[in-house]
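What follows is a single structure, written as structure tokens, with notes after it.
The values are calculated or read from the model by the stated rules, or taken from the named source; none is laboratory data. Bear in mind that the values here come from a model prediction, so they are computed numbers and not experimental data. Note that we place each Cβ from the backbone using ideal geometry, even for glycine, and neighbour counts take in every protein chain shown.
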Amino acid sequence: MGTVNTSDTVDWDGLRAAAREAVGKAYAPYSDFKVGAAAYATDGRLLTGANIENAAYGVTLCAECSLVSALVMSGGGRLASFTCVNVLGETIMPCGRCRQLLWEHGGPGLLVDTPQGVLPMTEVLPQAFGPGNLDHVREATS
Ligand code: THU
């Protein structure tokens with residue numbers, strides 16, 4: 001089992017400030033909806049990301065995509081706490097696809113800042129499909 005995260009030990013204000021700074025790096029000429037994301041890894045590393053759009057709209061990378069890339073490319077590990085904001089600095093919910101990304105790299109213990117307060121991933125993506133589903137079948141058929 002991974003580390004048990006506790007909401008009150010996380011520097012949420014620092015994390016939100018990092019996400020607001022990351023919004024400034026967004027490339028969103030098509031939607032004009034800039035998103036900034038920030039997370040602490042379980043080892044304390046601060047990761048940030050911003051959305052990067054494309055003329056072929058479906059190729060757009062959400063802010064969470066660039067954040068997860070930053071996690072992996074800076075040594076990997078697990079996400080412990082996460083927030084994302086719009087250009088007004090307001091907390092927004094990760095889109096459905098990005099909830100799946102966050103599940104993969106943070107799992108059930110990842111704490112997510114939401115407009116309704118800090119929630120564990122188990123509430124942000126209930127009954128998630130994840131690596132355990134693959135392991136289950138692989139073990140049963142090997
Ligand atoms: N977007 C994100 O970056 N993350 C989300 O979780 C929600 C949506 C971006 C994608 C697109 O560039 C813009 O917001 C409008 O959908």
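Do we have Pro108 as modelled with pLDDT of 95 or more, under 11 Å from the mean Cα position of the chain (by Cα) and assigned to a loop (DSSP other than H, G, I, E, B) here?
Spelling it out, it is not the case that Pro108 is modelled with pLDDT of 95 or more, under 11 Å from the mean Cα position of the chain (by Cα) and assigned to a loop (DSSP other than H, G, I, E, B).
For every residue, the table says whether it meets (1) hydrophobic (A, V, I, L, M, F, W, C); (2) surrounded by 12 or more Cβ atoms within 10 Å (Cβ to Cβ).
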| residue | (1), (2) |
| --- | --- |
| Glu90 | no, no |
| Arg99 | no, yes |
| Gly107 | no, yes |
| Leu111 | yes, yes |
| Leu119 | yes, yes |
| Thr122 | no, yes |
| Pro126 | no, no |
| Phe129 | yes, no |
| Asn133 | no, no |
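When you check Met73 against the structure, is it within 16 Å of the ligand (Cβ to nearest atom) and at negative phi, yes or no?
Spelling it out, it is not the case that Met73 is within 16 Å of the ligand (Cβ to nearest atom) and at negative phi.
If I filter segment 35-43 for residues that are in contact with a Phe, Trp or Tyr (Cβ under 9 Å, 6 or more places away or on another chain) and free of Cβ contacts under 8 Å to residues at least 40 places away in the same chain, do I get at least one hit?
Within segment 35-43, not a single residue is in contact with a Phe, Trp or Tyr (Cβ under 9 Å, 6 or more places away or on another chain) and free of Cβ contacts under 8 Å to residues at least 40 places away in the same chain.
Yes/no per residue for (1) within 23 Å of Asp43 (Cα to Cα); (2) at pLDDT 95 or above; (3) not in a helix (DSSP H, G or I):
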position: Leu67; (1), (2), (3): yes, yes, no
position: Leu71; (1), (2), (3): yes, yes, no
position: Gly76; (1), (2), (3): yes, yes, yes
position: Val87; (1), (2), (3): no, yes, yes
position: Leu101; (1), (2), (3): yes, yes, no
position: Glu104; (1), (2), (3): yes, yes, no
position: Val118; (1), (2), (3): yes, yes, yes
position: Thr122; (1), (2), (3): yes, yes, no
position: Ala128; (1), (2), (3): no, yes, yes
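Per-residue answers, yes or no, for (1) within 16 Å of the ligand (Cβ to nearest atom); (2) out of contact with any strand residue (DSSP E or B) (no Cβ under 7 Å at 6 or more places or on another chain); (3) hydroxyl-bearing (Ser, Thr, Tyr):
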position	(1), (2), (3)
Asp32	yes, yes, no
Val35	yes, no, no
Asp43	no, yes, no
Glu53	yes, no, no
Leu88	yes, yes, no
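List the pairs whose first member sits in segment 9-32 and is more than 24 Å from Leu119 (Cβ to Cβ), whose second member is more than 10 Å from the ligand (Cβ to nearest atom) and not aliphatic (A, V, I, L, M), and whose Cβ atoms are under 9 Å apart, counting only residues at least 6 apart or on separate chains?
That search, which allows pairs on different chains as well, returns Lys25/Thr48.
What are the residues in segment 14-51 that are within 12 Å of Cys84 (Cα to Cα) and assigned to a helix (DSSP H, G or I), if any?
Leu15, Arg16, Ala17, Ala18, Ala19, Arg20, Glu21, Ala22, Val23
Let's see how each residue does on (1) among the polar types (S, T, N, Q); (2) in contact with a helix residue (DSSP H, G or I) (Cβ under 9 Å, 6 or more places away or on another chain); (3) buried (at least 20 other Cβ atoms within 10 Å of the Cβ):
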position: Ser31; (1), (2), (3): yes, yes, no
position: Ala39; (1), (2), (3): no, yes, yes
position: Gly44; (1), (2), (3): no, no, no
position: Ala55; (1), (2), (3): no, no, no
position: Gly75; (1), (2), (3): no, no, no
